[in-house]
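Presented below is the structure to which this report refers.
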Amino acid sequence: MLEIKNLNASIGGSEILRGLSLCVRAGEVHAIMGPNGSGKSTLAQVVAGNDAYVVNSGSLLFDGQDLLALEPEERARRGIFLGFQYPVEIPGVNNAYLLKAAFNARRKHAGLSEIDAFEFLKLAKEKMAMLDMDPKFLNRGVNEGFSGGEKKRNEILQMAILEPRLAVLDETDSGLDIDALRAVANGVNALRGPDRAIILVTHYQRLLDYIEPDFVHVLSDGRIVRSGDKSLAPELEEKGYDWLREAANA
Amino acid sequence: MKPLLSIDAVRTAVQQLPDNGLAAARLAALTRLDADGLPTATHEDWKYTDLTRIVDVSNRWLAAGATTMPVADAAVAAITDQFAASWLVIRNGMVDARSIAKFAQSDVRIDLLSASDKALECDAPLSGLNVALLQDGLAIRIPANIEHAGTVGLLFIDHAAADVGVSQARIVIELEGGSAADFIEYHSSTGDAAHYANTVIELRLADGARCNYVRVQDRQAGHDQTGRLTATLGADSRLQHAAFDLGGNLVRNDLDIKLVGRGSATSFSGLYLAGREQHVDNHTRVDHLVGPTHSEQEYRGIAADAARCVWNGKAVVHRGADGTNARQANHNLLLSAAAEIDAKPELEIYADDVKASHGTTIGELDQGALFYLRTRGLDEAAARCLLMRAFAEKIVVRSPLPAIRQTISEKVAERVAALIVGDAK
């Protein structure tokens, strides 16, 4: 589904990704771990199409199609979703309005008719119940005045409604208490399926206690230095990242 | 140098006006205009706005015989039908007598200015021109303790085709003690020839009066306007005001509020959305003459293309006006390199016990928010439009007269969409 080859990307002239390669197939859940500054968030932003990042070389294919040729909104309509590490507050833009606009943009691209307000509200409330979210969040400004945990739940709500084919969740677990973490994990696990793939970018193993990945990759200095199955995560937790960095440099 | 308005031509035009109760006032105003001239950039309050264009349109109009064109009934109905209000209509500076007749059974008392004893002040630079060339105006009175005088619409509508047009309009509004009334002041125009409209409105709130007031300016792209609203607030009176500048070419608005009675309070706000080569200048001034009094203002604006917007907000707290609270805020979005915003807060405080604050920002659209919206499938234009609307809507929601907010909101959305299209050119 997603095929990244030898990706080099930089921001503001400094190179962050240096030859990153990753292959994600439908039905798989991949965890990307690594120390701060290793390029995890850059990978997420580049997949979503943030033009603040410059791709110097390498390729990024989604279902065989060159993602680098697509605008962020075109990627979204094809089923790529980025859950932001720091969801943006947009005062004055109604949360329900954005959710419905996003949902209908996706449907329109798929050649489906737009959903009406009544049907949409029903869908949104259903998903909110699953995430243990108060329906009042629908009528607030997008992330406006939300706590850190509320913002992350709101990201997962958007994902649950949009049902993306590929979800990239950037440190969705950071700053969450245990209840919020469970709610987020419920949302992610509900999305799992043979046609979808999920990339979890995380600093800690904690999230992986709730969402079991098929693969774990360790990112260091802009490339994947080690890949393994879910057992790699507790090993990292125990030994830290330094041993891998040393191993990679050796 | 004074912009050279042809005074002789103005004098000729004054002589041609109907000989009504305003004749003496016109001649006095003409003398004043001759002595003062029109303001130039050397005048501190006019340094951002060059009146050369307005003088030019006026001179051309005077040279062509100072005639006015009829305004179509359909153009009037197109505006009045949008709002639930009783409308007073001024077409090309001429009071529509039929619109007055409709108020015969209401609590709102209306007279022609020519038949009233109102003194017409011309202490502001364009007020002399206004009185000198005034055909007639309106005196509106809400009698004491009328609690629900309803919503009065004031429509200033002009038409200029083939030849240039100029119009003057003047209204004096008095809310007597304890009365309450709502007003919609709407400026509109049609036709492709140049036009200049000059409006002066005096609003007097007696003790305990309450007034909600919304101004909308949506003139033709080539039409110029100067407008002045002076408000005097008696003890414990309340004025809530909101202004929306959507159209026009060269636009200058002066809002001048005097808090003269203890416990009087005003909240006013404005939104200006400018593209093309529009020039939209909002000067506000609030004088706290006694304390405690309260004023709060928030203006917001968007400048696209090669537009220039000015906000100059002055608050003066006079000696002895203790217990005063004065707040002002002005936020702007600058969408193109050729656009310009001039934002100038001015606080002058001569009293001791005062809470005053101001905040001014000029910025671009938030790139982080734009990217966020695009990752949710909104294309760039839709995302920009949504952020601009959200920015503008803050003024819509704080405007008085909730019943007309939806209509205003739609007009704002339409104007924002037009700015996006212009921006992409």
Quiz item: If you check B:Asp163 against the conditions, is it within 18 Å of the chain's Cα centre (by Cα), farther than 24 Å from B:Ala403 by Cβ and touching a residue at least 24 places away in the same chain (Cβ under 8 Å)?
Solution: no
Exercise. Could you pull out the residue among B:Thr42, B:Thr52 that is in contact with a Pro (Cβ under 8 Å, 6 or more places away or on another chain), β-branched (Val, Ile, Thr) and over 30 Å from B:Gly150 (Cβ atoms)?
Key: B:Thr52
Quiz item: So B:Ala321 clears everything in (1) buried (at least 23 other Cβ atoms within 10 Å of the Cβ); (2) part of a loop (DSSP other than H, G, I, E, B); (3) within 12 Å of another protein chain (Cβ to nearest Cβ) except one condition, right? Which one?
Solution: (3)
Practice problem: Keeping to the stretch A:133-157, report how many residues are in a helix (DSSP H, G or I) and either hydroxyl-bearing (Ser, Thr, Tyr) or closer than 8 Å to A:Asn95 by Cβ (or both). | Solution: 4
Quiz item: What number of residues in the stretch B:139-158 are buried (at least 22 other Cβ atoms within 10 Å of the Cβ) and either within 13 Å of B:Met94 (Cα to Cα) or polar (S, T, N, Q) (or both)?
Solution: 5
Practice problem: Working only within the stretch B:29-48, note down all residues that are among the hydrophobic types (A, V, I, L, M, F, W, C), assigned to a helix (DSSP H, G or I) and crowded, with 16+ Cβ neighbours inside 10 Å. | Solution: B:Ala29, B:Leu30, B:Leu33, B:Trp46
Self-check item: Failed item, numbered, when A:Ala160 is tested on (1) away from every other protein chain (no Cβ under 14 Å); (2) crowded, with 17+ Cβ neighbours inside 10 Å; (3) small (Gly, Ala, Ser)
Solution: (1)
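What number of residues within the stretch A:105-120 are part of a loop (DSSP other than H, G, I, E, B), away from chain B (no Cβ under 14 Å) and closer than 18 Å to B:Ala382 by Cβ?
So in the stretch A:105-120, the residues part of a loop (DSSP other than H, G, I, E, B) come out as A:110-116.
Okay, now just the ones that are also away from chain B (no Cβ under 14 Å), so A:111, A:113, A:116.
Keeping just the survivors that are closer than 18 Å to B:Ala382 by Cβ gives none.
Residues in the stretch A:105-120 being part of a loop (DSSP other than H, G, I, E, B), away from chain B (no Cβ under 14 Å) and closer than 18 Å to B:Ala382 by Cβ: 0 in total.
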Quiz item: Tell me, which residue of the stretch A:31-56 that is more than 19 Å from A:Val225 (Cα to Cα) and away from every other protein chain (no Cβ under 14 Å) is farthest from the chain's Cα centre (by Cα)?
Solution: A:Asn56
Quiz item: Quick one: B:Ala104 ticks every box in (1) farther than 26 Å from B:Leu401 by Cβ; (2) part of a loop (DSSP other than H, G, I, E, B); (3) hydrophobic (A, V, I, L, M, F, W, C) bar one, so which box is it?
Solution: (1)
Self-check item: Complete set of residues in the stretch A:1-34 that are crowded, with 17+ Cβ neighbours inside 10 Å and part of a loop (DSSP other than H, G, I, E, B)
Solution: A:Met1, A:Glu28, A:Gly34
Exercise. For the stretch B:271-283, state whether one or more residues are more than 21 Å from B:Gln240 (Cα to Cα), among the aliphatic types (A, V, I, L, M) and in contact with a Phe, Trp or Tyr (Cβ under 7 Å, 6 or more places away or on another chain).
Key: yes
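Identify all residues within the stretch B:374-383 that are buried (at least 23 other Cβ atoms within 10 Å of the Cβ) and either outside any helix (DSSP H, G or I) or more than 7 Å from chain A (Cβ to nearest Cβ) (or both); write none if there are none.
Taking the stretch B:374-383 and keeping what is buried (at least 23 other Cβ atoms within 10 Å of the Cβ), we get B:374-378, B:383.
Within the stretch B:374-383, B:Thr375, B:Arg376, B:Gly377, B:Leu378, B:Ala383 qualify.
Which of the residues spanning the stretch B:268-277 are touching an Asp or Glu at 6+ places or on another chain (Cβ under 6 Å) and either outside any strand (DSSP E or B) or free of Cβ contacts under 8 Å to residues at least 40 places away in the same chain (or both)?
Residues of the stretch B:268-277 touching an Asp or Glu at 6+ places or on another chain (Cβ under 6 Å): B:269, B:272, B:275-276.
Passing the criteria: B:Tyr272, B:Gly275, B:Arg276.
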Self-check item: Test result for B:Glu393, over 16 Å from B:Leu335 (Cβ atoms), out of contact with any helix residue (DSSP H, G or I) (no Cβ under 8 Å at 6 or more places or on another chain) and part of a helix (DSSP H, G or I)
Solution: no
Quiz item: Of the residues B:Leu120, B:Leu154, B:Leu133, B:Leu138, which single one is closer than 16 Å to B:Tyr196 by Cα and either hydrophobic (A, V, I, L, M, F, W, C) or without any contact (Cβ under 8 Å) to a residue 12 or more places away in the chain (or both)?
Solution: B:Leu133
Exercise. Pick out the one residue from B:Ala75, B:Ala85, B:Ala66 that is of a type outside the set (Val, Ile, Thr), touching a Phe, Trp or Tyr at 6+ places or on another chain (Cβ under 9 Å) and touching a residue at least 60 places away in the same chain (Cβ under 8 Å).
Key: B:Ala85
Quiz item: In the stretch A:128-173, what residues are among the acidic types (Asp, Glu) and either free of Cβ contacts under 8 Å to residues at least 24 places away in the same chain or under 23 Å from A:Thr202 (Cα atoms) (or both)?
Solution: A:Asp132, A:Asp134, A:Glu150, A:Glu155, A:Glu163, A:Asp170, A:Glu171, A:Asp173
Practice problem: Pick out the one residue from B:Ile395, B:Ile349 that is surrounded by 15 or more Cβ atoms within 10 Å (Cβ to Cβ) and away from every other protein chain (no Cβ under 14 Å). | Solution: B:Ile349
Self-check item: Matching residues in the stretch A:59-104 - criterion: being within 9 Å of chain B (Cβ to nearest Cβ), hydrophobic (A, V, I, L, M, F, W, C) and surrounded by fewer than 21 Cβ atoms within 10 Å (Cβ to Cβ)
Solution: A:Val88, A:Ala101
Exercise. Name, by its number, the condition in (1) at pLDDT below 95; (2) buried (at least 20 other Cβ atoms within 10 Å of the Cβ); (3) of a type in the set (A, V, I, L, M) that does not hold for B:Ala132.
Key: (1)
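Listed here are the residues, each with its yes/no results for (1) farther than 28 Å from B:Tyr186 by Cβ; (2) not in a loop (DSSP other than H, G, I, E, B).
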residue	(1), (2)
B:Ala24	yes, yes
B:Arg53	no, yes
B:Thr68	no, no
B:Ile79	no, yes
B:Ala84	no, no
Exercise. Taking B:Leu255 as the residue in question, decide whether it is assigned to a strand (DSSP E or B) and either in contact with a Pro (Cβ under 7 Å, 6 or more places away or on another chain) or closer than 19 Å to B:Trp46 by Cα (or both).
Key: yes
Self-check item: Subset of the stretch B:357-373 (residues that are of a type outside the set (A, V, I, L, M) and buried (at least 21 other Cβ atoms within 10 Å of the Cβ))
Solution: B:Phe371, B:Tyr372
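The values are calculated or read from the model by the stated rules, or taken from the named source; none is laboratory data. Keep in mind that what you see is a predicted model, and the values were worked out from it rather than measured. When we count neighbours, we look across all protein chains shown, and the Cβ atoms used for this are built from the backbone with ideal geometry, even at glycine.
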